[in-house]
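This report concerns only the one structure given below.
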Amino acid sequence: MTRRSPVPPSPPFEVTARGAQFRDRIAVVVKAPSEAIFQALRDVTLREMRFAWLLGELRHFPSRLAGRMPAADSRRPFMKAVMEGGTLVLRDDAPREVISGLAALLHRVHQAPQRFASRTAFEAFDDPSHEQLFMSVRVAPTGRTGENWLVLEHATRALSPLAERKFARYWRVIKPMGAFATWQLLRAVRRRAERAAVGPLGSRRRWRSVRATMDERARALPGDERIAQAIDTLTHGVTIGRAPRDVWPWLVQMGAGSRGGWYSYDWLDNGRQPSVRRIVPALQHPAVGALFPALPGMTEGFTLLAIEPERALTLGWLAPDGTLDVTWTFVLDEIAPGLTRLLVRVRGGPGYRFHGLPLLLTRLVVRVVHFIMQRKQLLGLASRAEGDAAACPIDTVIPPHDGQDTAPESRAS
């Protein structure tokens, strides 16, 4: 196996932090591309590094008690909170490196960070009672395919001999805690990045998650407004190692019978006919009102309610009186170049009852059944979209087609 390259230095950081008296650097290996790593860095929250959050709370407890610092929101992106706390971006070369700076009374309990409108103002700051903290977050190749170093390096420059002596005492205490918090942050970023990059790196966990995050479950999606008072809302998601334009063709050809299948358990929902593993041109342009049959030969199924090419489609199951029993929405988010997050949400209308079951049993049974079927479908979609051109070519033979890609006249009127 190829040996990993050592963690490389950063010439821009060395120039920016010249004269710094106190330094530390921690690096971890991440099996993900640089774009996915920086996206994870932007999204990671304190909730994902609980021990670091606890250390931070202990460190800043006096300031919070004195009302000089608000309580930290563990659900907010950590880096966003850091930047709003007075840290200034000095150099932005993402997804390779971001260098930031902070000037404050770092050796004191109440650090009183300064705020600057520009890098020039930051560099001109020379109050002898303060210290300047420089931080580099960067990604560098390890020399092994699919791996990168994720490096966090920081350097502190005291602006006077007195400030240096004061910070040296503080540094002896805080350095081990700071190193541990940094390690927690990098591990949290690594988990996020590797989870997102499961597709393009060819890595496969035995159990690939389809769980939506808390933010995804709370987020408004297209189609939510069609059922104002839902009896339940179920949201799932999967990260796919392809761009949205490569995932979209598999979504629009869903449906039983003469359509592409549901990519789930075909013996249950497609008459034992395997879901296609090819893109079918004849099924790529459904119109609003088109029927996606639930089972082969059925005239009932999901009606296409709305479509936004390469972005979102919403299906709905209509009750006999024309009201919506269920909405089923698929949304594609490009979270990094060549990396898509597919979110799927089902909402049940007030009158929906699964095979006539009471409301409580409907909710319990549907949650179990839907998870089983939805997980299989999401994994089926991901495996097809991530297949290379040889494995998933465009179908050049048009299969028998019943015209269901266009809205029936009764629905169009």
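The values are calculated or read from the model by the stated rules, or taken from the named source; none is laboratory data. These numbers come from a predicted model, not from an experiment. Cβ placement follows ideal geometry from the backbone for every residue including glycine, while neighbour counts extend to all protein chains displayed.
Residue check: is Phe371 loosely packed, with under 15 Cβ neighbours inside 10 Å, under 21 Å from the mean Cα position of the chain (by Cα) and outside the structural domain of Pro95 (by TED's automatic domain parsing)? Give the derivation first.
Working: loosely packed, with under 15 Cβ neighbours inside 10 Å: yes; under 21 Å from the mean Cα position of the chain (by Cα): yes; outside the structural domain of Pro95 (by TED's automatic domain parsing): yes.
It is true that Phe371 is loosely packed, with under 15 Cβ neighbours inside 10 Å, under 21 Å from the mean Cα position of the chain (by Cα) and outside the structural domain of Pro95 (by TED's automatic domain parsing).
Kindly indicate which of Arg272, Arg217, Arg259 is at pLDDT below 90 and either over 21 Å from the mean Cα position of the chain (by Cα) or assigned to a helix (DSSP H, G or I) (or both). It would help to see each step written out before you state the result.
Values: Arg217 fails: at pLDDT below 90; Arg259 fails: at pLDDT below 90.
Selected residue: Arg272, the only one of Arg272, Arg217, Arg259 that is at pLDDT below 90 and either over 21 Å from the mean Cα position of the chain (by Cα) or assigned to a helix (DSSP H, G or I) (or both).
Of all residues in the range 164-185, which are over 19 Å from Ile99 (Cβ atoms) and either surrounded by 21 or more Cβ atoms within 10 Å (Cβ to Cβ) or not assigned by TED's automatic domain parsing to the domain that holds Ala32 (or both)?
Residues of the range 164-185 over 19 Å from Ile99 (Cβ atoms): 164-177, 179-181, 183-184.
Hit for the range 164-185 is Phe167, nothing else.
Please return the ranges of strands (runs of 3 or more DSSP E) entirely within the range 66-174 where 1 or more residues are small (Gly, Ala, Ser) and under 33 Å from the mean Cα position of the chain (by Cα). Show your work before the answer.
Details: elements: 88-93, 97-104, 131-141, 148-158.
Once the strands (runs of 3 or more DSSP E) in the range 66-174 are filtered for at least 1 residues that are small (Gly, Ala, Ser) and under 33 Å from the mean Cα position of the chain (by Cα), what remains is 97-104, 131-141, 148-158.
Being in contact with a strand residue (DSSP E or B) (Cβ under 8 Å, 6 or more places away or on another chain), on the phi < 0 side of the Ramachandran plot and at pLDDT 85 or above is true for just one of Val198, Val238. Which residue is that? Working first, answer last.
Details: Val198 fails: at pLDDT 85 or above.
Result of the check over Val198, Val238: Val238.
With respect to Leu234, is the statement that it is buried (at least 18 other Cβ atoms within 10 Å of the Cβ), outside the structural domain of Asp126 (by TED's automatic domain parsing) and assigned to a strand (DSSP E or B) true?
Values: buried (at least 18 other Cβ atoms within 10 Å of the Cβ): yes; outside the structural domain of Asp126 (by TED's automatic domain parsing): yes; assigned to a strand (DSSP E or B): yes.
Taking the combined requirement at face value, the residue satisfies it.
Does Val344 count as buried (at least 19 other Cβ atoms within 10 Å of the Cβ) and of a type in the set (A, V, I, L, M, F, W, C)? Lay out the reasoning, then the answer.
Details: buried (at least 19 other Cβ atoms within 10 Å of the Cβ): yes; of a type in the set (A, V, I, L, M, F, W, C): yes.
So Val344 passes the test.
Can you tell me how many residues within the range 350-383 are in a loop (DSSP other than H, G, I, E, B) and touching a helix residue (DSSP H, G or I) at 6+ places or on another chain (Cβ under 9 Å)?
3
Quick one: is Ser118 at negative phi, among the hydroxyl-bearing types (Ser, Thr, Tyr) and modelled with pLDDT of 95 or more? Give the steps one after another, and end with the answer.
Details: at negative phi: yes; among the hydroxyl-bearing types (Ser, Thr, Tyr): yes; modelled with pLDDT of 95 or more: no.
Spelling it out, it is not the case that Ser118 is at negative phi, among the hydroxyl-bearing types (Ser, Thr, Tyr) and modelled with pLDDT of 95 or more.
I'd like the residue in the range 201-214 that is assigned to a loop (DSSP other than H, G, I, E, B) and at pLDDT 50 or above and, out of all such residues, is surrounded by the fewest Cβ atoms within 10 Å (Cβ to Cβ). Walk me through it before giving the result.
So the first thing to find is which residues in the range 201-214 are assigned to a loop (DSSP other than H, G, I, E, B), and the list is 201-210, 212-213.
When the remaining residues are screened for being at pLDDT 50 or above, the result is 207-210, 212-213.
Numbers: Trp207: 7, Arg208: 17, Ser209: 14, Val210: 19, Ala212: 19, Thr213: 15.
Within the range 201-214, the match that is surrounded by the fewest Cβ atoms within 10 Å (Cβ to Cβ) is Trp207.
Filter the range 320-335 down to the residues that are part of a strand (DSSP E or B) and of a type in the set (Val, Ile, Thr), then identify the one that is farthest from Arg242 (Cα to Cα). If you could, list the steps in order and put the result at the bottom.
Taking the range 320-335 as the starting set, the residues that turn out to be part of a strand (DSSP E or B) are 324-335.
Subset that is of a type in the set (Val, Ile, Thr): 326-327, 329, 331, 335.
Numbers: Val326: 29, Thr327: 26, Thr329: 20, Val331: 14, Ile335: 10 Å.
Result: Val326.
Being in a strand (DSSP E or B), within 20 Å of Arg195 (Cβ to Cβ) and aliphatic (A, V, I, L, M) is true for just one of Leu313, Leu342. Which residue is that?
On the way: Leu313 fails: within 20 Å of Arg195 (Cβ to Cβ).
Matching residue, one of Leu313, Leu342: Leu342.
Please go through the range 92-127 and give me each residue that is under 21 Å from Lys166 (Cβ atoms) and in contact with a Lys or Arg (Cβ under 6 Å, 6 or more places away or on another chain), ordered by number.
Within the range 92-127, His107, His110 qualify.
Just to be sure, is Glu153 surrounded by 19 or more Cβ atoms within 10 Å (Cβ to Cβ), among the acidic types (Asp, Glu) and over 13 Å from Ile37 (Cα atoms)? Spell out how you get there, then give the answer.
Numbers: surrounded by 19 or more Cβ atoms within 10 Å (Cβ to Cβ): yes; among the acidic types (Asp, Glu): yes; over 13 Å from Ile37 (Cα atoms): yes.
Judged against the criteria, Glu153 is a match.
Which residues, counting only those in the range 1-44, are within 30 Å of Glu216 (Cβ to Cβ) and without any contact (Cβ under 8 Å) to a residue 60 or more places away in the chain?
Answer for the range 1-44, where residues must be within 30 Å of Glu216 (Cβ to Cβ) and without any contact (Cβ under 8 Å) to a residue 60 or more places away in the chain: just Arg42.
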